[in-house]
Amino acid sequence: MILNIKMFAVLSVLLLPLLLSQQTEAAAVISIDLGSEWMKIGIVSPGVPMEIVLNKESKRKTPAVVAFRDDVRTFGEDAVTVGVRFPKNSYKYLLDLLGKPYDHPMVQAYRARYPYYDIEATDRGTPLFVHDDKTKFTPEELVAQLLAKAKDFAEISHGQTITECVITVPGYFNQAERRALKDAAALAGLNVLQLINDYTAIAINYGIFRRKEINETAWHALFFDMGAASTKAALVEYKTVKIKEKGYVETVPQLQVLGVGFDRTLGGHEMTLRLREHLIKAWEAQGGGDVRVSPRAMEKLLLEAERLKIILSANTEFYAQIEGLLDDKDFKQLVTRAEFEELCADLWPRVSGVVQRAIAAAGGAGTGARLVLAGGGSRVPAAMQALKDAVGHEPARSINADEAATMGAVYRAASLATGYKVAPLNVRDAVLFPIQVTFTRHVDGNDKLIKRTLFGPMNPYPQKKVITFNKHTDDFDFHVNYAELDHIPSNELQYVGTLNLSQVVLNGVGAALAKHTGENVEHKGIKAHFNMDDSGLLNLVNVEFVAEKTVDEDEDQDSTLSKIGSTISKLFGSDSETPDKAEEKPEEKPQEEEAKNDTKKANQTEGEKQNATEPETKPKPKIVILKEPIKTEETLLNLQPLSPEQYKTSKALIAELNLIDKKRIERETALNNLEAFVVDAQMKVDMEEYAQCGTEQQIEEIKKLCSETSEWLYEDGYEAATELYEAKLAALKDKTSPIFYKHWEHRERPDAVAALRSMLNSSREFLKMAKNFTKDANPDKDVFTDVEISLLEKKIEETTSWLSTSIKEQKALKKNEEIKLTVDSIREKMANLDREMKYLLNKMKIWRPKKPAKKETDNKTEETVIEPEAGEKEEKQEKVDETQAEEPATEKENDTETTEPPLQLSDGQDEHSEL
C-alpha cells in the first residue's frame, strides 16, 4: 500500500506539468488588415511573437485582387498581372461593395470607374459580377476568397492550421456592411473573434508600446489615416481605470475613442483616378485616339497613374511612359507635382474637415493631442500640408504607417484567443451611427409615435442597454432605426443607406401580464435587452416581462421551496431550457438579506417567548422579482444577410474553386517532379561514379527511358493527367533506384567504417582499464565481474573479425554487384557494441565501496562486511542497469569518516566520447 502511494505521488509530479501544458496549449491566431487596395496579415503563435506574415513573394503586403483566367485562379501580384491583359477577369476594390444594395451610390460609382465589369442585381438586391455564362460572384464570395488566401499564407508560413482571426474594418461601416464581412469570413472558414475598427487597431498598436506613459492623468492622441479609398481621424484618450472583470478590482490602462471623423471617398485612389484622367486628356491631345474604348489600355493608364502618384510624392516632376498603349503607339508625358496638386485642389480642404469633425465629435476635448499618421495616402505632400494647417503642429511618425493596424489587431487577437496571456489594455470604441427604438402608444384615443435613444453619438461600446415598455398590456411591435445623424455630413448620409434597421414583434404580452396579477403584484413593464458587441454589431438579446411581488413569511417559505425545486430541475435540464440571467436591481439584495435577518430574529424571539401573552412583531414583507420571457420575431429591414440556402450555395462554389486549385497544384507539382528527375537522372548516369554502379544494359535502359520521357513531355505530356506523371516518375525511379542506392552505399561506407574502427579503439582502451577493476586484480575496487569483462572482450573480437572479413569480401566485388558490407549492418554492429559499453560505464559511474557493518561484542568492536544475498544482488544490478542512482550522503560513525570518493575515469576517457 505504501509503495502504491509513493508511485501515485511520483506519477502526479510527472503528469501534472504535462496536463498543464495541454490545457494552456494555444493555437495560432491571425489578424487581417483588409483594405480596398492591399491586404496585410499578422500572426501570433506559441513561442513566436507578433509578426507580419510574408506572402509567396516574401512581401509584407499583398494586393487585394483575385483573378480568373483559363480555369486558373490567382491572387495578389499574379492577379494584377492578369488584370493588365484581361481587366474583366480581375476583381479589385471589393471592400467598397460589401453590404450595399445594387442601387447604392458607391456601387454605381464603381460601375462608372470600371465599365468593363458586367454587374447585375441579385435576388437580395446586392451587386453580382457576371464572370461568364456559368459563373457569377457576389462581393461576399470574392472577399471570402481573399480572406481564405490570407489564411493560406499564414498556414504555409507557420505550418499551423488557422481557424480564428481579428479583421480590421472601416469605422464608418454600418450594420449591414459588418454582417456582410462576417459572412465572407465564415465562407473562408474563419471564426471572427472581433471586427475591429481600423483606427482603433492603430490606437492599440500605439498604446501597447507606451504603457509606461499611461497613468491616472488622461492624455490624448489624434490618429489620421488616409488610405486608398477613404480617410479617417480618431481622437483617442489614454488613462488608467479600475475594472472588476475577474472578481476583484484592478487598475488597467484603457484607450477610449472620443471622437471620429471620416470621408468615404477621400483617398489615394481618387487621386490616382484624377491622374489617369489627366493622362487620358494628354493622350487625346497627342492624337492617340479614343483610349476609353479599350479596357486594357485603361488598366495600363491606371497602373501608370498609381506609379506616377507615388513618385511625385518625392519628386517635383516625372515622365509617365507606357509602351504600346493603343494600336502599338507609345505614350510619354511629363507631369509635375504642381499639376497633380491642381488636379486635386478640391480634395485638400476635405482633409481638414475630417480632423475638425473628429475633434467636434469629442466635444472639443483633446487640446494639445499628439498627431499620429497612418495610411499610405498621408505621404502625399499636399495632404500633409493641409493636415498641418488644420492641427497647427507637426505630425508624429512614430508608428509604421502601413502595418500599425495589422499589429494592433493581432495584439487584440492574442488577448481574445485562448491560451495567450498579454498585458491588459481595456478598449472602448465609439458608436458612429446613433440607434433609437420607436414604437406607438395609444394616448387619448390616438396612436402616438414614441422615440427612445438606445445608443447616442460616440457612446462607448461594447455595452448593454435596456429599453422598458411600461404602458403596453397586449402584443405590440417596435422598430430599431438610425437616428440623430446631425453630426454626419449630408454627402455622407447618402452612403449610410436605409435608416430602418429592424422590426421586432412581441407575442404573449397579454398572457404574461395575466399570469402575474394580484393585489401584491406590481408590473414593471416589458424590458428589451440589447447588446452592442465589440464588433459593433447590435443584437437583441431577449425580451421579458418583469413584475415585483410582495410576499409575507409563509409565502416566502413556499416560494423558497419552489425555487429550490426549480433549481434542482434546472441542473438536470438542457441548456436550451435555462432562461437568461435575471436582471437584479441594486436595492433588491439588501432587502432580501434584511428580510432573512428579520425572520431569523423572529424565530429566536418565538423560542424565548413561548409562555408570553404579548403579540409578536410581524417581519417586514419581502419583494420577489418575477420574470416571464416574451416571444419575439425580429425582421431586418435593411439589406438581408445570406440565407442558409444562399450560404450553402456560396460555400459549395468556393469549395469547388479550392478543389480545382488543389488538383492544379498537384498536377503542376507532379509535372515539376518528373521534369526535375529526368534531368537529374540523365546527368547522373553520364557520370562515371554512377555508371560503375550499374551494368551497361541498365545504364542504356535508363538513358533510353529518360530520353523517351523527355520527348513525351515536350510534345504531348504537358496536357497529361497527374496520375500519368506519377506513373512515369515511378517507372523511372524503379529503374534508377538500384544504381542510386549502390552509389550511396559506396559513398557512405568509408565514413561508417571509420566510425566503427574508432569505437573499437576506444572500447579496447576501456577494456584494458576495466581489467584493473575486477576482484582478482583489485579486491578493494571490484567494479566488474569476470563475466562482464569476458563479454565485452568477446564482443570486441567478434566485431573486429566481422569488419575485417566483410571489408575483404566487399573489395572483391565490383561496384555494380550486390552489396555485402552495407551501412546499415555497420550501424547495427556499432549499436550492439555501444549497448555493452554503456552498461559498463554506468556501472562504473555509480559504483561505491561496500559498507562495513559494526557490532559490539564484550565491549569490543568487530567489523564485518555485509554481502547481499544472491537475489538482492541481481535486483540491485538490474536497478543499476536501468537507472542512475543518486550519491548517498556521507556517513559518520564514532567520529570517523568511512566514505571514499567515487571511482573516476582516467584522463581522456569521457564516458560519452565515443558513444
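The values are calculated or read from the model by the stated rules, or taken from the named source; none is laboratory data. Since the model is a prediction, treat every value here as computed from it, not as a measurement. In this analysis, Cβ positions are derived from the backbone assuming ideal geometry, glycine residues included, and neighbour counts consider all displayed protein chains.
Overview of values
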item	result
Pick from segment 355-386, criterion over 20 Å from L255 (Cα atoms) and crowded, with 23+ Cβ neighbours inside 10 Å, ranking: modelled with the lowest pLDDT	G377
Segment 154-170: number of residues that are surrounded by 22 or more Cβ atoms within 10 Å (Cβ to Cβ) and either part of a helix (DSSP H, G or I) or out of contact with any Lys or Arg (no Cβ under 6 Å at 6 or more places or on another chain) (or both)	6
Qualifying residues in segment 690-711 (those that are part of a helix (DSSP H, G or I) and touching a Lys or Arg at 6+ places or on another chain (Cβ under 8 Å)) - the one farthest from K811 (Cα to Cα)	T709
Which listed residue is acidic (D, E) and either assigned to a loop (DSSP other than H, G, I, E, B) or closer than 30 Å to K662 by Cβ (or both), from D776, D780, D751	D776
Residue identified as in a loop (DSSP other than H, G, I, E, B), over 23 Å from Q256 (Cα atoms) and touching a residue at least 12 places away in the same chain (Cβ under 8 Å) among E394, E341	E394
Total residues in segment 824-845, condition more than 14 Å from S762 (Cα to Cα) and in contact (Cβ under 8 Å) with a residue 40 or more places away in the chain	8
Some residue of segment 421-432 being without any contact (Cβ under 8 Å) to a residue 40 or more places away in the chain, part of a strand (DSSP E or B), within 30 Å of G376 (Cβ to Cβ) and assigned by TED's automatic domain parsing to the domain that holds L373	no
Meets criteria (farther than 30 Å from E817 by Cα, among the polar types (S, T, N, Q) and outside the structural domain of N174 (by TED's automatic domain parsing)) for T695	no
Single residue of K471, K464 found to be of a type in the set (D, E, K, R) and either surrounded by 14 or more Cβ atoms within 10 Å (Cβ to Cβ) or in contact with a Lys or Arg (Cβ under 9 Å, 6 or more places away or on another chain) (or both)	K471
Residues (in a strand (DSSP E or B) and touching a Gly at 6+ places or on another chain (Cβ under 6 Å)) located in segment 619-670	K631
Per-region count, segment 429-459, residues surrounded by 13 or more Cβ atoms within 10 Å (Cβ to Cβ) and on the phi > 0 side of the Ramachandran plot	1
Some residue of segment 24-31 being modelled with pLDDT of 90 or more, among the hydroxyl-bearing types (S, T, Y) and either closer than 19 Å to G376 by Cβ or out of contact with any helix residue (DSSP H, G or I) (no Cβ under 7 Å at 6 or more places or on another chain) (or both)	yes
Lone unmet requirement of (1) touching a Phe, Trp or Tyr at 6+ places or on another chain (Cβ under 9 Å); (2) over 22 Å from Y114 (Cβ atoms); (3) in a helix (DSSP H, G or I) for R296	(2)
Of residues in segment 193-220 being aromatic (F, W, Y) and touching a strand residue (DSSP E or B) at 6+ places or on another chain (Cβ under 7 Å), the one nearest to M39 (Cα to Cα)	Y199
Those strands (runs of 3 or more DSSP E) lying entirely in segment 37-96 with at least 3 residues β-branched (V, I, T)	38-45
Of residues in segment 480-523 being more than 30 Å from S352 (Cα to Cα) and of a type in the set (D, E), the one modelled with the lowest pLDDT	E519
Conditions (1) in a strand (DSSP E or B); (2) not assigned by TED's automatic domain parsing to the domain that holds F224; number of the one not met by F262	(2)
Condition met for V249 (in the same structural domain as V236 (by TED's automatic domain parsing), surrounded by fewer than 19 Cβ atoms within 10 Å (Cβ to Cβ) and closer than 30 Å to H220 by Cβ)	yes
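Yes or no, residue by residue, for (1) at negative phi; (2) surrounded by 12 or more Cβ atoms within 10 Å (Cβ to Cβ); (3) within 19 Å of the chain's Cα centre (by Cα); (4) modelled with pLDDT of 95 or more:
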site	(1), (2), (3), (4)
A9	yes, no, no, no
Q22	yes, no, yes, no
G35	yes, yes, yes, no
P46	yes, yes, yes, no
V66	yes, yes, no, yes
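Listed here are the residues, each with its yes/no results for (1) closer than 26 Å to T272 by Cα; (2) in contact with a strand residue (DSSP E or B) (Cβ under 7 Å, 6 or more places away or on another chain).
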{"site": "R179", "(1), (2)": "no, no"}
{"site": "A185", "(1), (2)": "no, yes"}
{"site": "N191", "(1), (2)": "no, yes"}
{"site": "L222", "(1), (2)": "no, yes"}
{"site": "A229", "(1), (2)": "yes, no"}
{"site": "K232", "(1), (2)": "yes, yes"}
{"site": "I243", "(1), (2)": "no, yes"}
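Results for (1) over 42 Å from the mean Cα position of the chain (by Cα); (2) among the hydrophobic types (A, V, I, L, M, F, W, C), shown as yes or no for each residue.
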site: T265; (1), (2): no, no
site: E270; (1), (2): no, no
site: E277; (1), (2): no, no
site: W283; (1), (2): yes, yes
site: G289; (1), (2): yes, no
site: G324; (1), (2): yes, no
site: F331; (1), (2): yes, yes
site: T336; (1), (2): yes, no
